[in-house]
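K.L.:
Okay, here's the structure, questions in a sec.
The values are calculated or read from the model by the stated rules, or taken from the named source; none is laboratory data. Keep in mind it's a predicted model, so treat the numbers as computed, not measured. All Cβ positions, even for glycine, are placed from backbone atoms using ideal geometry, and neighbour counts span all protein chains on display. To get the accessible areas, we keep the full protein, side chains included, count just its heavy atoms, and leave off ligands, DNA and RNA. Shrake-Rupley method; radii C 1.70, N 1.55, O 1.52, S 1.80 Å.
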Amino acid sequence: MHWADVIADGIMKECDRPLIAAGISPTGHIHVGSLREAITAEAVRSALESKGSDVKMIYLIDSFDPLRKKYTFLPDSFEEHVGKPICRIPCPCGEYETYADYFIQPFLDTLDAIGVKCDIMWTHKLYEQGMFAETADASFVRREKVIEILTEVAQKEKNNNYAPYNPLCPVCGKFVKQPDFGSYEYPYVEYRCDRCGHEGKADIRKGDGKLTWRLEWPAKWKIFGISAEPFGKDHAAAGGSYDTGVRIVNEIFDGKAPKPIPYEFVQLKGKGQMHKSTGSPVTGMDAINMTPPEILKYTFLRVNPERHIDYDSEMGILDMADEYDRMESLYFDGGATEAEENSVAAYRISMHGRIPVRKPIHIPYRHLVNVVQMADGFDGVVSVLKRNGDFIDAAAEDIERLNKRISSIRFWINGFAPDSVKFSVFSDMPDVKLSPGEISYIRSLVPLLSSSEWTAEDIHAIVSESGKGSGIGTKGGFQSLYKIFINRTSGPRLGHFIATMEKDFVIRRLKEASA
């Protein structure tokens, strides 16, 4: 049974109408690892739905969080905005309404592309609508109890000046660290801005301020009645924000904590951690552009949330695509081992209820990477695949899938692929030096390949055996062929590579190189 089904069964025992929550604070570039929370939540939501549960999911954007520092990717002018809520800071590029919109919109587009079904909620709007008024009031009235809980659970030194709520100064636009606790009388708290000196009072029923994180998170549990929520392992640590949240929601807000679904972090692996054209980390939109949605989801669903994920945006992309296709074959053909059953279930969930009626045509992803670099446009790729017998009797669904994979591969090649997989076939004979032994080897291939069946297997057998009998050996023979086609000494699997090209073109090149 897949881990999402196990979690769903536990939730159904406690909730008739479960509400799953996830969220993010868009204070900067949102890298691919942040997808784990959304995909985990969606997997549980989907599992509950498949079991007949009346389940919903919300995604909370913490748009009222302050900009805590001037990040290196921001211009110096943003120094003045440190301390302001990100929903009230201008967009860095000027194309979006606010800073928060700028960083969250590509991520929301990614969630939509991978089929996350949720209601989007902006925290700053919830404050403006008075949704936090009741919990903010309780935080002031029971402030001493809040301090006691934080001291006991987080094991921190007692801070009698702890502020559960930070007013927002209307003059400088920044959050005030310390309101006047003694002045509080619902719904107002007085303050003196520690930044500009402005004195005023905040109305907790409006967007005049916000709860601190340790209180805001359990306040959301109370407001929405959240049943389960995935969150990073840092929050799940002993004395962390989940532990304090449990006490606060119970003893301060008279609510109930959701079922915790802690997850390990996603580690960016390899040299391809940055987009080569922008220098920014691999974002969720980068991931969805270089990986078909179902494969990206599978990457996150194949392992239990408690296990970390190594996300390799270089060769790991190819490994994951081929693994996905193998699990798809096992789903249709059967034969999965006990160890593979969870991965096959991950395939099923990744398809989000849109499993094909028949097994799709599978083109090895590495082979497709090579074909995309050799053929002109989509029609050229299809022509090559059909010539090699790989795409005969393709249905409309196969063509649609191929089109998406081709687009993903092109994005990957242009932004993240290692140089070792990139090549181009020279239309004319490249200016390379060949030894007498290489020329003799290439000349010997002309009659053999001219009379051969044009299949990868037959071609590979010919070039390998001919190499063994030559003075340069098989490796030297392979290198000489790469030289005359792509001006390199290594490249794609040679049999498949040569079979992908027109036979007449190959023979002409061999004759020219050995003349």
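K.L.:
Give me the angle, in degrees from 0 to 90, between the Cα long axis of helix 315-333 and the longest principal axis of the Cα atoms of the chain, rounded to the nearest 10.
P.N.:
The helix 315-333 is inclined about 90 degrees to the chain.
K.L.:
Let me ask something else about it. Pairing the Cα long axis of helix 377-387 with the longest principal axis of the chain, what angle in degrees results, from 0 to 90 and rounded to the nearest 10?
P.N.:
Once rounded, the angle reads 50 degrees.
K.L.:
Over the stretch 59-191, calculate the relative contact order: mean separation of alpha carbon pairs under 8 Å at least 6 apart, over the residue count, as a percent.
P.N.:
So the answer I get is 21 percent.
K.L.:
Arrange the peptides 90-97, 418-425 so that the one whose residues have, on average, the most other Cβ atoms within 10 Å appears first.
P.N.:
Taking the mean over residues of other Cβ atoms within 10 Å, the ranking is 418-425, 90-97.
K.L.:
Place +1 on the Cβ of every Lys and Arg and -1 on the Cβ of every Asp and Glu in the chain, take the dipole about the Cα centre, and give the residue among Val249, Tyr188, Phe107 whose Cα lies farthest towards its positive end.
P.N.:
Phe107
K.L.:
A further question on this structure: Using only Cα atoms, find the angle between the long axis of helix 365-374 and the longest principal axis of the chain, and express it within 0 to 90 degrees, rounded to the nearest 10.
P.N.:
Between the helix axis and the principal axis of the chain, the angle is about 70 degrees.
K.L.:
With the cut-off at 1.5 for a/c, could you classify the stretch 77-206 from its C-alpha gyration tensor as rounded, prolate or oblate?
P.N.:
Judged from the Cα gyration tensor, the stretch 77-206 comes out prolate (a/c at least 1.5, a/b above b/c).
K.L.:
Which of rounded, prolate, oblate describes the stretch 415-515, given a ≥ b ≥ c as roots of the alpha-carbon gyration tensor eigenvalues and a/c under 1.5 marking rounded, otherwise prolate only if a/b is larger than b/c?
P.N.:
It comes out rounded by the Cα gyration axes.
K.L.:
At a 10 angstrom cut-off on C-beta neighbours, averaged per residue, how do the peptides 255-266, 341-352, 385-396 rank from highest to lowest?
P.N.:
341-352, 255-266, 385-396
K.L.:
Can you list residues from other chains, or at least 5 along the same chain, whose modelled amide H is less than 5 Å from the amide H of Arg488?
P.N.:
Residues meeting the criterion, in which the H sits 1.01 Å from N, are Lys483.
K.L.:
Identify the chymotrypsin sites (Phe, Trp or Tyr not before Pro) of the stretch 40-77 meeting these criteria: DSSP loop state and at most 14 other C-beta atoms within 10 Å of the C-beta.
P.N.:
Hits after loop and neighbour filter: Tyr71, Phe73.
K.L.:
Shifting gears a bit: So who's got an amide H within less than 5 Å of the one on Tyr311, skipping anything under 5 residues away but keeping other chains? H placed 1.01 Å off N, in plane.
P.N.:
Sorted by chain and number, the residues that satisfy this are Gln267, Leu268, Lys269.
K.L.:
Right, another one. If I measure Cβ to Cβ between cysteines in the chain, which ones have no partner under 4.7 Å?
P.N.:
Taking the Cβ cut-off of 4.7 Å, the unpaired cysteines of the chain are Cys15, Cys87, Cys91, Cys93, Cys118.
K.L.:
Still on this structure, please answer the following. Using alpha carbon centroids, what distance separates the stretch 378-457 and the stretch 466-515, in Å?
P.N.:
12
K.L.:
Considering the options Gly10, Met351, Pro90, tell which one lies farthest towards the positive end of the dipole of the chain, charges being +1 on Lys and Arg and -1 on Asp and Glu at the Cβ, about the Cα centre.
P.N.:
Pro90
K.L.:
Another question, then. Given a cut-off of under 8 Å on Cα pairs at least six residues apart, what relative contact order in percent is computed for the stretch 37-127?
P.N.:
Over the stretch 37-127, the number comes to 33 percent.
K.L.:
Can you compute the modelled spin-label distance between Arg326 and Glu457, with each label point 7 Å from Cα toward Cβ, in nm?
P.N.:
2.1
K.L.:
Further question: Using Cα positions and a limit of under 12 Å, work out the aspartates and glutamates in reach of Lys145, with same-chain residues fewer than 8 apart set aside.
P.N.:
Glu251
K.L.:
Would you mind working out the accessible area per residue for the stretch 42-201, using a 1.4 Å probe, and quoting it in Å²?
P.N.:
Normalised by residue count, the accessible surface of the stretch 42-201 is 50 Å².
K.L.:
List nothing, just return the count: lysine pairs in the stretch 404-515, 8 or more apart or interchain, with Cα separation under 20 Å.
P.N.:
10
K.L.:
Rank by packing, highest mean first: peptides 203-216, 150-163, with packing defined as the count of other Cβ atoms within 10 Å averaged across residues.
P.N.:
My ranking of the peptides, most packed first, is 203-216, 150-163.
K.L.:
Need the list of lysines near Lys201 for cross-linking: C-alpha distance under 16 angstrom, and skip anything on the same chain fewer than eight residues off.
P.N.:
Here the lysines satisfying the reach criterion relative to Lys201 are Lys174, Lys177, Lys210.
K.L.:
Mind pulling up the Rg/Rh value for the chain? Radius of gyration and Kirkwood radius, both on Cα. Write out the running numbers ahead of the final one.
P.N.:
Values: Rg = 29.4 Å, Rh = 26.6 Å.
Computed over Cα atoms, the ratio is 1.11.
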